[in-house]
Amino acid sequence: MAGDKVKLLGFWGSPFALRVEWALRLKGVEYEYVEEDLSNKSPMLLQYNPLYKKVPVLVHNGKPIMESLVIIEYIDETWKNRPLLPIDPFERATSRFWAKFVDDKFVPLIIKMSSSTREQKDKVAEEAREVLKTLESSLNQNKPFYGGKILGFMDIAVAWIGIWAPMLEKIIDIKLLDEEYMPLLNTWFRDVLEVLVIKECIPPLDKLLAHYKDYYDRFMATKSN
Amino acid sequence: MAKKGEIKLLGTPASHFVNRVQIGLNLKCIDYEFISENLGCKSDLLLKSNPVHQRVPVLLHANEPPLIESLLIIEYIDEIFPDVHPILPRAPSVRAHNRTWAYFIDTQFFPLFEDLRQSPDKKGEEEAKIQIREAAKLLERVFVECSDGKAYFGGDNIGYLDIALGCFLGWITFSETLNNYKVFDETISPRLVEWAKKMRSHEAVKNALPSHDALLKHYSMIQYIKPPRTA
């Protein structure tokens, strides 16, 4: 909408900021991206998100919105072109459910795995694979994207796994996105991440790998001291 | 309007997440069948309806597949029955604000009561109560901001945040009696004290909140399954 001021406070290595960018770009919303240094949070971030002090935060005409899935729904409701959520209430509820399921179940396991000892990591990886297997069961093999031929809420809420899971597999030496047991998930992520407007937002994978590897190595060093 | 028998709710009377959905259905004047689940021995219907989490509430609406997660169910019934007692606010920024605080209530506020229950000693109990009162102070500020001088988070009428928090009023009273403290009190959260009174006397809420006996029975079961931590 003309005259809108949209600012996104994010971190280049955050999958949650990335999915908000995907939503903004799919809608064709012009925005100013502000990179946050998470080790030295800006007064602006602390002012806009005093509750959690986290990115992403969307600031629209001075009003802050936080929590990435809440932000994506806000974007969908504010800019009504190119809807992200389905029209049917039941399908909307289902999309919201699976997005929340991934955030509630998969994300804590990723965090746990990144801070597990070598002995614990295989067990945590097994739990993470079970979560992905459950997500696999919700997919329809006749549809390239979750809702059909057009990218929607579920696709942008969850596709970050297609980037982060292979990266973690390399760093931690575990298996997550097993092609044999999760063929639909693998195909789905590949298809979503190939879409131009999605692809052009993805940070350089070597930089991402180096960043997370560094974090993991430093953690493992403290564990062995 | 949903015909009788078209909507079924699988639940247990003492679950505040189930009560949440009941309040929503009551506000919408929806007739529904309540199917009581024994969580110690889950029915085939529950296990089949919610194989992912195997928990209540589960909403079954006509021929649609089962719907789970209380806040998602609230949004769903608000979308399929938009003309009776709208629950979510209209403006996208207010809706986002509501959703953010409902998430806070579920992930930051409710778990504090479990921390209190599981406290191994008096010191742990006192610390948990301090955390609860700090969170109540925060919720008071949210109430003042949202209510704009009116009776509810939703303004003149019960809205999304009233339901998100209000479903827990039965457990709040129970916790206060058991642990001899106040969650909302006149000094730190006077508006919420008034709000709680109004909510407890509202037809749609008082018929959904569980009895003391139901709460006690549920509490005893939880104490047995997940006893307090040892010091």
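Compute for chains A and B the buried accessible surface, both sides summed, probe 1.4 Å, and express it in Å² to the nearest 100.
On the way: alone 11990 and 12010 Å², together 21890 Å².
What A and B bury together is about 2100 Å².
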Going 7 Å from the Cα of B:Glu145 in the Cα-to-Cβ direction, what parts of the range A:42-57 have a backbone nitrogen less than 13 Å from that spot? A:47-53
DSSP-loop GluC sites (Glu not before Pro) across the range A:144-225, with at most 13 other Cβ within 10 angstrom: A:Glu179, A:Glu180, A:Glu200
Once you mark the trypsin sites (Lys or Arg not before Pro) that are in a DSSP loop and have at most 10 other Cβ atoms within 10 Å, what is the longest gap between them in chain B? B:91-231
Work out the charge dipole of the protein assembly as shown with +1 on the Cβ of Lys and Arg and -1 on the Cβ of Asp and Glu about the Cα centre, then indicate which of A:Phe219, B:Leu215, A:Ser95 is farthest towards its positive end. B:Leu215
I want to verify a result. In a Gaussian network model of chain B, Cα cutoff 10 Å, which of these has the top mean-square fluctuation: B:Asn19, B:Asn38, B:Asn157? B:Asn38
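Might you tell me the accessible area per residue for chain A, computed with a 1.4 Å probe and given in Å²? Write out the running numbers ahead of the final one.
Numbers: 10920 Å² over 225 residues.
Per residue, chain A has 49 Å² of solvent-accessible surface.
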Using heavy-atom solvent-accessible surface (probe 1.4 Å) with all chains present, what is the largest-first order of B:Ile222, B:Ile172? B:Ile222, B:Ile172
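Scanning chain A for trypsin sites (Lys or Arg not before Pro) in DSSP loops with at most 11 other Cβ atoms within 10 Å, what's the longest stretch left with none? Don't skip to the answer; put the middle values down first.
Working: sites that count: A:Lys5, A:Lys80, A:Lys149.
Value returned for the longest uninterrupted segment is A:150-225.
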What shape does the range B:136-231 take by its C-alpha gyration tensor, where a ≥ b ≥ c are the square roots of the eigenvalues and a/c under 1.5 counts as rounded, a/b above b/c as prolate, and the rest as oblate? prolate
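Can you give the extra length, in nm with one decimal, that the chain gains between A:Tyr33 and A:Cys201 once fully stretched, where that is 0.36 nm per residue apart less the Cα-Cα distance? Intermediate values should be presented prior to the final figure.
Details: separation 168, 0.36 × 168 = 60.48 nm, distance 1.19 nm.
Result for the pair: 59.3 nm of gain on full extension.
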For A:Ser138 paired with B:Glu127, estimate the spin-label separation in nm (one decimal), with each label point 7 Å from Cα along the Cα-to-Cβ line. 3.6
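Rounded, prolate or oblate: which fits chain A, taking a ≥ b ≥ c as square roots of the Cα gyration tensor eigenvalues, rounded meaning a/c under 1.5, else prolate when a/b beats b/c? Please list the in-between numbers first.
Values: a/c = 1.94, a/b = 1.16, b/c = 1.67.
Oblate, since a/c reaches 1.5 and b/c is not below a/b.
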How big is the antiparallel share of DSSP beta bridges in chain B, given as a percent to the nearest 5? 65
For A:Lys100, go through the aspartates and glutamates and keep the ones whose alpha-carbon is under 12 Å away, minus same-chain ones fewer than eight residues off. A:Glu67, B:Glu69
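In the range B:1-126, what percentage of the DSSP-assigned beta bridges are antiparallel, given to the nearest 5? Please report the intermediate quantities before stating the final value.
Working: 6 of 10 bridges.
Taking every DSSP beta bridge with both residues in the range B:1-126, the antiparallel ones total about 60 percent.
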Note to self: C-alpha centroids of the range A:47-93 and the range B:71-106 sit apart, in Å, by 13
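Within the accessible area of the range A:80-225, what % is carbon and sulfur when the probe is 1.4 Å and the other protein chains stay in place? Can you show the working numbers first?
On the way: 4160 of 7560 Å².
Within the range A:80-225, the accessible surface is 55 percent carbon and sulfur.
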If you take the beta carbon distance between A:Thr222 and B:Leu45 as r and set R0 to 41 Å, what does 1/(1 + (r/R0)^6) give as a FRET efficiency, to the nearest 0.05? 0.25
Checked the protein assembly as shown with the C-alpha gyration tensor, a ≥ b ≥ c its square-rooted eigenvalues, rounded below a/c of 1.5, otherwise prolate if a/b is larger than b/c and oblate if not; verdict rounded
Taking Cα pairs closer than 8 Å and at least 6 residues apart, the relative contact order of the range A:42-93 in percent is 19
Value at 222 nm in deg cm²/dmol, rounded to 500, when DSSP H runs of n ≥ 4 in the protein assembly as shown each add -39,500 (n - 2.57): -17000 deg cm²/dmol
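The values are calculated or read from the model by the stated rules, or taken from the named source; none is laboratory data. Nothing here was measured: the structure is a model prediction, and the numbers come from that model. Note: ideal-geometry Cβ built from the backbone for every residue, glycine included; neighbour counts use all protein chains shown. When the accessible area is computed, the model is the full protein with side chains, heavy atoms only, and any ligands, DNA or RNA have been set aside. Shrake-Rupley method; radii C 1.70, N 1.55, O 1.52, S 1.80 Å.
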